[in-house]
Amino acid sequence: MNRILTERLTLRTLTTADLDDCFMESAKPSAGWKPHGAAEDTRHLLESVYIGKESIWGIVLKESGQLVGSIGLMRDYKREYDRVRSIGYAINEECRGRGYMTEAVQAVLRHGFERMGLELISAYAYPWNVGSRRVLEKCGFQYEGTLKKAAKLYDGSVHDNDCFAITREGWRAGH
């Protein structure tokens, strides 16, 4: 099982046993995607996107064992180089602002650069997602620019995406 340990977190592979925890969060409007109306929607998402992927983890609080979010390194469809991945993450609303995501991102950056041999990790955030931008900046990502009309949401609205990246050299210089 692919695990990453930090001071307060365990990053571990997601399984179908996580369905109830994931559904409770995915049904909320604050989740960042179309709220799931049924557990079957969440099961489909888990099975098609998360389960069995070596570079996607559930974020678990060590203290309580509670699954509070997810984080992963996925192919960056805007860059064709195979030593590049894009980081994506989500955390329960109740856990925001406590430094958990910064801790998780730092651990995944280390994994990506040291274990996977990546040369660059990108990230994309909506301009209004101040919390996500703050996490990226704390972790050493540099703002590269805004991709205009880059993301279409479940409600049909189209939005800009701010692009960030960190190179292996930039990451090493910060550590």
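Bear in mind that the values in this text are calculations on the coordinates, not laboratory data. As the structure is a computational prediction, the values presented were derived from the model and not from experiment. Positions of Cβ are generated from backbone atoms using ideal geometry, with glycine treated the same way; all protein chains shown enter the neighbour counts.
Near Glu144, the amide H atoms lying under 5 Å from its own belong to Cys163, Phe164, Ala165; only residues 5 or more places off or on other chains count, and H is placed 1.01 Å from N. Of Ser70, Ser55, the sequence from fewest to most neighbouring Cβ atoms within 10 angstrom is Ser55, Ser70. Label reach from Glu54 (point 7 Å along Cα→C-beta): in the range 110-135, amide nitrogens under 17 Å belong to 110-119.
Ranked for footprinting exposure by Cβ neighbours inside 10 Å, fewest first, Lys149, Lys62 give Lys149, Lys62.
Exposure proxy for Asp76, Asp155: other Cβ atoms within 10 Å of each Cβ, ordered fewest to most, give Asp155, Asp76.
Placing +1 on each Lys and Arg Cβ and -1 on each Asp and Glu Cβ, with no other charges, gives the range 77-174 a dipole about its Cα centre of roughly 80 debye. Between Thr102 and Leu5, full extension at 0.36 nm per residue minus the direct alpha carbon distance yields a gain of 33.6 nm.
Relative to the current alpha-carbon distance between Ser64 and Asp160, full extension at 0.36 nm per residue lengthens the span by 30.8 nm. The simple Förster model, with R0 at 30 Å and r as the Cβ-Cβ distance, assigns Lys138 and Thr15 a FRET efficiency of 0.50.
Within the range 87-122, name every residue whose backbone N is under 17 Å away from a label modeled 7 Å from Cα of Leu147 along the Cβ vector. From the range 87-122, the list is 87-89, 120-122.
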